[in-house]
Ligand SMILES: CC(C)(COP(=O)(O)OP(=O)(O)OC[C@H]1O[C@@H](n2cnc3c(N)ncnc32)[C@H](O)[C@@H]1OP(=O)(O)O)[C@@H](O)C(=O)NCCC(=O)NCCS
């Protein structure tokens, strides 16, 4: 992954104007994927509804099924509201966009939602549009959402992953997650979040996460 560059404030609106309980994270980052595609990664805002709606149309049936574990044809207005009107405290989400393609900007999203039972645990999900899978974007988004979650006091990610979902399982296990069988065809993943950069493994995933952590540190956050 190329060197990550951090941008300035994201969004001009007062957080409370759209019902947030705390200000959203303020950084954005610019980097390039393995194949040189430039990307911008930033927190999701309510203005991202059309971006998510359009990007969803570029997900294959397989990717939709792997993400939602059921066939989903399109995202409803209610779902889009839920996915974009977020407080960045109990529900955190970051989006990767292609700054050179205003018509099809959405490339991927990582989000996590705190457990109501244990606020140190959050359920995580990552989605990358099919055209941009296998280029390191899923790893980068998992690194970004991990860092944002740690700053909010989250210590563990959990996820439910189909047993056949090799890319997501590879991503989680590269990280040292524990995986157990939950139901037929569904695995429960538990990923302890690294609280210090020194805890990161010397693997490609560890290197990508370390780069994200360094970029946050350069911004002093
Ligand atoms: C899972 C997903 C987010 C991974 O995103 P991605 O951008 O393709 O991931 P990366 O390119 O960072 O690859 C991460 C690792 O996954 C593995 N991987 C990627 N593509 C793979 C494939 N087609 N088959 C097997 N493993 C694969 C590799 O181990 C890779 O590690 P590497 O970088 O050392 O090669 C993406 O495939 C996706 O959106 N899938 C549909 C939605 C989904 O399943 N979400 C998970 C819900 S919890």
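The values are calculated or read from the model by the stated rules, or taken from the named source; none is laboratory data. Since the model is a prediction, treat every value here as computed from it, not as a measurement. Note: ideal-geometry Cβ built from the backbone for every residue, glycine included; neighbour counts use all protein chains shown.
Taken over the stretch 114-154, the criterion of being assigned to a helix (DSSP H, G or I), within 6 Å of the ligand (Cβ to nearest atom) and in contact (Cβ under 8 Å) with a residue 40 or more places away in the chain is satisfied by 137, 139. Taking residue 59, is it within 18 Å of the chain's Cα centre (by Cα), assigned to a loop (DSSP other than H, G, I, E, B), closer than 21 Å to residue 161 by Cα and within 16 Å of the ligand (Cβ to nearest atom)? Yes, satisfied. Residue 92 fulfils the conditions (1) buried (at least 21 other Cβ atoms within 10 Å of the Cβ); (2) at pLDDT below 95 except for a single criterion, (2). Taking residue 159, is it in a strand (DSSP E or B) and within 16 Å of the ligand (Cβ to nearest atom)? Judged against the criteria, residue 159 is a match. Scanning the stretch 62-99 for residues that are more than 16 Å from the ligand (Cβ to nearest atom) and either at positive phi or touching a strand residue (DSSP E or B) at 6+ places or on another chain (Cβ under 7 Å) (or both) yields a total of 4.
Can you confirm whether the stretch 27-44 contains a residue that is buried (at least 18 other Cβ atoms within 10 Å of the Cβ), within 15 Å of the chain's Cα centre (by Cα), assigned to a loop (DSSP other than H, G, I, E, B) and modelled with pLDDT of 95 or more? Checked the stretch 27-44: at least one residue is buried (at least 18 other Cβ atoms within 10 Å of the Cβ), within 15 Å of the chain's Cα centre (by Cα), assigned to a loop (DSSP other than H, G, I, E, B) and modelled with pLDDT of 95 or more. Do we have residue 157 as free of Cβ contacts under 8 Å to residues at least 40 places away in the same chain and crowded, with 20+ Cβ neighbours inside 10 Å here? No; evaluated as a whole, the condition is false for this residue. Scanning the stretch 163-212 for residues that are over 19 Å from residue 33 (Cβ atoms) and in a helix (DSSP H, G or I), we see that the one that is nearest to the chain's Cα centre (by Cα) is 172.
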